[in-house]
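Report on one structure; see the data block that follows.
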Amino acid sequence: MEVIIAPDHELATLVADAVERLLREESSPVLGLATGSSPLRVYDELARRHEQDKLSFAGARGFMLDEYVGLPISHPQCYRNVIDAEFVSRVDFGDAAVQGPNGAAEDLVAASAEYDHAIAEVGGIDLQILGIGTDGHIAFNEPGSSLCSRTRVKTLADQTRLDNARFFNGDVDQVPRHCLTQGLGTIREARHLMLIATGGNKAEAVHQMVEGPVSSMWPATVLQMHPHATILVDDAAASRLQLGDYYRQTYANKLDRQRL
Ligand SMILES: N[C@@H]1[C@@H](O)[C@H](O)[C@@H](COP(=O)(O)O)O[C@@H]1O
């Protein structure tokens, strides 16, 4: 696990650099896309590179992490619509190259299995972008999630519904109670995980994720067991890290041969 502490815009540049390298080096790159506010600067930077540097997503595929259950598919907060508006429509992915779990499916169990199958069929995800919830969830794997879980239906925690009420006119009653989410076991199979966290409200979750015991009570601790996980945090999100100075020194003295 590598921890990088830097200002917000630098974090976004680092993630965009990794995406760009993947797109230029791989013939059929597979990206894992996260919703939420944390990756927005990354998507802005990638859209800029597409526009100005001709960075192309035409040969790439994208898989979303999660989706609400119970929203009409035209609802602006359906993650499928959110990712389209914030990223996909701004670059040149091919038709149907980006998919998400089908939260509107009649058979949610079958839809979950189909989603894991679709990811496996393209050979897995090369680079997964992640955020983290204040309770330590990744995607929508709430505390208590099995570290081996696959894509499935989850019930959202009260804290997550409160956190996400800001996208529903501040009204927590409008936030769905259920979702489909890639499992922690599914996410762990991506070859490179890049998790972005900014702001003091993420500080405890970041501390637990990086320095706490691996536990389903803090689902993001599963990243400690991944061979290639990069944690990108600003000063505020890093404020409770016990080894913050060590991570800063390590990054400042990174050897040339150590790529992200
Ligand atoms: N399902 C999403 C997560 O994928 C995201 O990481 C989290 C944090 O969101 P934000 O980046 O807006 O803080 O929110 C939601 O619950």
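Before moving on, here are some points about what is shown:
- Test result for Thr155, among the hydroxyl-bearing types (Ser, Thr, Tyr) and modelled with pLDDT of 95 or more: yes
- Hey, Thr181 within 12 Å of the ligand (Cβ to nearest atom) and modelled with pLDDT of 95 or more or not: yes
- Matching residues, segment 25-39, being in contact (Cβ under 8 Å) with a residue 60 or more places away in the chain and more than 16 Å from the ligand (Cβ to nearest atom): Glu26, Ser28, Pro29, Val30
- When Asp163, Asp126 are screened for being open to solvent by 10 Å² or more (accessible area, probe 1.4 Å) and either away from the ligand (no atom under 12 Å from the Cβ) or basic (Lys, Arg) (or both), only Asp126 passes.
- Subset of segment 43-75 [assigned to a helix (DSSP H, G or I) and over 28 Å from Val153 (Cβ atoms)]: Asp44, Glu45, Leu46, Ala47, Arg48, Arg49, His50, Glu51, Gln52, Asp53
- Condition met for Arg49 (within 16 Å of the ligand (Cβ to nearest atom), in contact (Cβ under 8 Å) with a residue 12 or more places away in the chain and either open to solvent by 70 Å² or more (accessible area, probe 1.4 Å) or more than 24 Å from Gly133 (Cα to Cα) (or both)): no
- Residue match in segment 141-148 (condition: under 21 Å from Gly62 (Cβ atoms), surrounded by 23 or more Cβ atoms within 10 Å (Cβ to Cβ) and either touching a residue at least 60 places away in the same chain (Cβ under 8 Å) or away from the ligand (no atom under 13 Å from the Cβ) (or both)): yes
The values are calculated or read from the model by the stated rules, or taken from the named source; none is laboratory data. Keep in mind it's a predicted model, so treat the numbers as computed, not measured. Please note: Cβ atoms are built from the backbone with ideal geometry, for glycine as well, and neighbour counts cover all protein chains shown. What goes into the accessible areas is simple: the full protein's heavy atoms, side chains included, and nothing from ligands, DNA or RNA. Shrake-Rupley method; radii C 1.70, N 1.55, O 1.52, S 1.80 Å.
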